[in-house]
Amino acid sequence: MKFSDLGVPKNINKGLKEMGIVTPTKIQEKSIPLLIHDSIDFIGKAQTGTGKTAAFGVPLLSKINPQKKEVQALILSPTRELGQQIAKQLFKFTKYTDKIFVESVYGGEKIERQISRVLRPTHIIVATPGRLIDLIDRDVVDISKVKTIVMDEADEMLSMGFKKELTAILSKTKGKRNIWLFSATIPASLNDIINTYVRKDATRITIDKEDAVNKDIEHHFVVGEEVNKLDTLTYFLKSQKQERGIIFTRTKVAARTLSKQLKAKNYEVGLLEGEMTQKDRDKVMRGFKNESLQLLVSTDVAARGIDVANLAFVVHYQLPDQTEYYTHRSGRTGRAGNKGLSLVLINRQEVKYLRNLEKELGIHFSQVR
C-alpha cells in the first residue's frame, strides 16, 4: 500500500517521498484514512518508534486552512526534544504545500523568544503542556479556534506529572474540537482523561502485539552476578565495535556511576539523568546526534522524547520499574526498517521478571551464555 491509497494529498505525498517515507506503517495505514476524511475523536495505541508522527501529522496538515491566520491545531508532547522533532517533521512534510506555519514551544528556553515567534501567524503549535499554559496565561496564545488537539506519547505526559496542565488545556478548548490521542500504553490515569475529555464514540485503533512488537529487534539476556555486570557490559560493547546505543539504568545514582566507569574505560559516553539542567542535556544530545558520543547512559525519565536514528542496540543495565518502560526503551533501536538489539543484564532472581515480560509483550528473549 502507498500513501496515495490512504487519501494523502499529492503535495504532502511528494514531501514524504523526498524524505524516503514511501510505505505506510500499520498505525499510519489504519489511522490516516480515518483522520483525513472524518471529524472524529481518536485513540491510537501503538509502540514507540512505529511512525506515529506521520500518522497524526499528515491528516492534521491536510485539515489546516493556510489562509486563516489563527492557531487551528495543538500538538502536546512530553518533552522539548520530541516537540522539536515533531515540528521539524511537519516542516519537511509541507515542503510542497501552501505555507503552513508551525511553532514549537517548551520550557528551558527564554519565554520572550517564544512569545515573539508565536505572535507571528501560526497555524499549529507543538508544545510541552507547562509552557503552553504559561503562554495562555500571558494572553499570548489564543486556543479558542483550535479544531484538533493531538496528544502524543500521552502516557509519558502523565507519568511526568502533566495531568493538571493537560486538564486545564482540554477544559479551555471544550466544544467543537477533536482529540487525537496516541500512546504506547493506556494506564489508569490516562483512562481518567479519556473518560472526561474524549468523546464516548471515539474511534479506537490498537496495533496488536503481533504488529506492535518490532520484528526487527532481537531480545537477548545474560544472567550473571552483580559484581560481574560491568565486565559483561564492556565485553558486549567490544563486540559492537563502533556501533552506537543507549544503556538504561533504573536510578540516577546508577546512571552517574556507570557513565564514570565507562569514561574510565575510554568510551565516548554521555549521561542523561533527571536532575540535569536543560543546557547540559542539550549539550549531551548534540554530541550524541552528531556522533561525537558513541554511547548514552540514561534513566527512563531522562530518555523521554529522545529520537536518534540508526541506533544498533539498547542495553538494560537495570530492569525498568514498569513493563511499558521496556517497550519505550527497546523501541529506541530497530527503527525505519533497520535491525536492532535489546540486551538485558540480570541476576538469577530476575529471570522470572523476564518471563512475565515475554507473556505481557508477546516477545521471546534468547539467553546469551
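Bear in mind that the values in this text are calculations on the coordinates, not laboratory data. Nothing here was measured: the structure is a model prediction, and the numbers come from that model. Glycine also receives a Cβ, built like all others from the backbone with ideal geometry; neighbour counts cover every protein chain displayed.
Structure notes:
- Cα centre as origin, Lys/Arg/Asp/Glu Cβ charges: the chain dipole, Debye: 760 debye
- Computed over the Cα atoms of region 3-210, the ratio of the radius of gyration to the Kirkwood radius (Rg/Rh) comes to 0.93.
- Degrees separating the helix 52-63 axis from the principal Cα axis of the chain, which is the longest one: 10 degrees
- You can think of it this way: the chain between Asn195 and Asn347 has 50.6 nm of extra reach, that is 0.36 nm per residue less the Cα-Cα gap.
- Whole-angstrom gap from region 256-302 to region 146-218, using each part's C-alpha centre: 30 Å
- Placing pseudo-labels 7 Å out from each Cα toward the beta carbon at Thr203 and Ala309 gives an inter-label distance of 3.0 nm.
- Axis of helix 278-289 versus longest Cα principal axis of the chain: the two differ by about 70°, to the nearest ten degrees.
- Sum of -39500 (n - 2.57) over DSSP H runs of 4+, divided by residues of the chain (222 nm, nearest 500): -12000 deg cm²/dmol
- Gyration tensor (Cα) of region 114-172, equivalent ellipsoid semi-axes in angstrom: 20, 12, 11
- Seen from every direction in turn and averaged, the convex hull around the alpha carbons of the chain projects onto 18.0 nm².
- Spread of Cα-to-Cα distances over 5 Å intervals beginning at zero, given as percent, for region 218-299: 3, 14, 24, 27, 18, 9, 4, 0
- Electrostatic dipole magnitude of region 111-234 [Cβ: Lys, Arg +1; Asp, Glu -1; Cα centre; debye, to 20]: 1140 debye
- Spread of Cα-to-Cα distances over 10 Å intervals beginning at zero, given as percent, for region 213-367: 11, 44, 37, 8, 0
- One quarter of the convex hull surface built on the alpha carbon atoms of region 1-84 amounts to 6.3 nm², the projected area averaged over directions.
- Farthest toward the positive end of the dipole of region 213-367, out of Tyr325, Ala254, Gly224, is the Cα of Ala254, where the dipole comes from beta carbon charges about the Cα centre.
- Distance between the pseudo-spin-label points of Lys359 and Ile136 (7 Å out from Cα toward the beta carbon): 4.2 nm.
- Acute angle (nearest 10 degrees) that the helix 80-93 long axis makes with the longest principal axis of the chain, alpha-carbon atoms: 60 degrees
- Estimated FRET transfer efficiency (Ser144, Arg369; beta-carbon r; R0 41 Å; 0.05): 0.10
- Label-point gap, in nm, between Lys10 and Lys88 - each point 7 angstrom along Cα→Cβ: 3.1 nm
- Report note on the peptides 175-184, 236-245: ranked by the mean count of other C-beta atoms within 10 Å, highest first, their order is 175-184, 236-245.
- Kirkwood Rh in Å, taken over all unlike Cα pairs in region 17-65: 11.4 Å
- A Förster distance of 30 Å, applied to the separation of the beta-carbon atoms of Lys339 and Arg113, puts the FRET efficiency at 0.15.
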